[in-house]
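Heads up: the structure comes next, in structure tokens.
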Amino acid sequence: MFRFGEPLYLYLLIILPFLAVFYLYTNYRRRKKLREYGDPELMAHLMPDVSKYRPDVKFWLVFSALAMVIFMLARPQFGSKMETVKRQGVEAVVALDISNSMLAQDVTPSRLDKSKKLISRLVETFNNDKVAMIVFAGEAFTQLPITSDYISAKMFLETINPSLISTQGTDIGGAINLAMKSFTPNEGVGRAIVLITDGENHEGGAIEAAQAAAKKGIRVFVLGVGSPDGSPIPAEGKNEFRRDKDGNVIVTRLNEQMCQEIAQAGNGIYVRVDNTNNAEKALNAEINKLAKADVETQVFTEFDEQFDVLAWLALILLAADLLILNRKNPLFKNVKLFNKD
């Protein structure tokens, strides 16, 4: 495995293109001025010791040496030893409703945005745990397979929006069934499905799916997002609300009864998400109660520094720069004249 020990130094590479452009520009200006003084071929005869290409060679040698120094500062490393380590953690699969009703703004800034922020903060609390992400509307699919890479999880989270699924609806049962297949085969690991939805289940089968999960020892936590009083759904790209075929404004309401029934069937809890962080605290408390089993993970535990190779390359390039003169070597000139005689 290859990595950089100090990757922030790689940002210094940004200066290299500017140096190259600056050098090429000054070279162009210098040659342009020389052409203004006289014919280039005549100038070459008048200045036989001046080399046309050596300054360029010297610049690119120093340029390459500088690049080597920057890579050296970033400390390139190769993994030399892989070990299987045991860490204690749980596994959580987040199933997020991304149907159009989640665009309602009865929760600030919207049901979907509030849910994404909640998931982001949940991932930040994980340590040695695994997380997967499923999105669903009229159908469900895996957005992120189960992983311990929390940075990737947050990156995938940013890309989630209702346009990911063209089939509208809310298939909660399908999302739970897919979530059950997303866990690792590790034994003794605490497992939870975190279902985030407004509870408008249009497909059926959610209660049965939650019961099936509970039988497998998987707890189903349900976070209900929205208001029971209802809210209109903003139309994307327009300053108005979505309407049905009869022209009436569509109002979406949080179905708390459905959410509570799913949580009860899944041996979990139901928490309503509002503009406070109470739901986040309640969810974290429940996840911390799950059994944290030993999870085996293969990781590189030793890394060999490779900066010495780059250091030698930089020294060789700089030495070559010192040995190459800007002017032609007079010794070579004498040899050439001797051969003519």
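The values are calculated or read from the model by the stated rules, or taken from the named source; none is laboratory data. Note that this is a predicted model, so its numbers are computed, not measured. Cβ atoms come from the backbone with ideal geometry, glycine included; neighbour counts cover every protein chain shown. For the accessible areas, the whole protein counts, side chains as well, though only heavy atoms, and no ligand, DNA or RNA atoms are used. Shrake-Rupley method; radii C 1.70, N 1.55, O 1.52, S 1.80 Å.
Numerical summary
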item	result
Close pairs from segment 141-170: first modelled with pLDDT of 90 or more, partner open to solvent by 50 Å² or more (accessible area, probe 1.4 Å), Cβ under 6 Å, at least 6 apart	Gln143/Phe156; Leu144/Phe156
Subset tally (residues that are outside any strand (DSSP E or B) and surrounded by 22 or more Cβ atoms within 10 Å (Cβ to Cβ)) for segment 234-260	2
Residue that is surrounded by the fewest Cβ atoms within 10 Å (Cβ to Cβ) [pool: residues in segment 282-309 that are at pLDDT 70 or above and part of a strand (DSSP E or B)]	Asp304
Hits in segment 1-28 (condition: among the aromatic types (Phe, Trp, Tyr) and open to solvent by 80 Å² or more (accessible area, probe 1.4 Å))	Phe2, Tyr9, Tyr11, Phe18, Phe22, Tyr25, Tyr28
Members of segment 261-276 that are modelled with pLDDT under 90 and open to solvent by less than 70 Å² (accessible area, probe 1.4 Å)	Asp274, Thr276
Subset of segment 157-187 [surrounded by 15 or more Cβ atoms within 10 Å (Cβ to Cβ), within 15 Å of the chain's Cα centre (by Cα) and part of a helix (DSSP H, G or I)]	Leu157
Residue list for segment 202-228, restricted to those being surrounded by fewer than 21 Cβ atoms within 10 Å (Cβ to Cβ) and of a type in the set (Val, Ile, Thr)	Ile207
Residue check for Gly199: open to solvent by less than 10 Å² (accessible area, probe 1.4 Å), part of a loop (DSSP other than H, G, I, E, B) and either in contact with a Gly (Cβ under 6 Å, 6 or more places away or on another chain) or among the charged types (D, E, K, R) (or both)	yes
Failed item, numbered, when Asn177 is tested on (1) modelled with pLDDT of 95 or more; (2) within 20 Å of Thr108 (Cα to Cα)	(2)
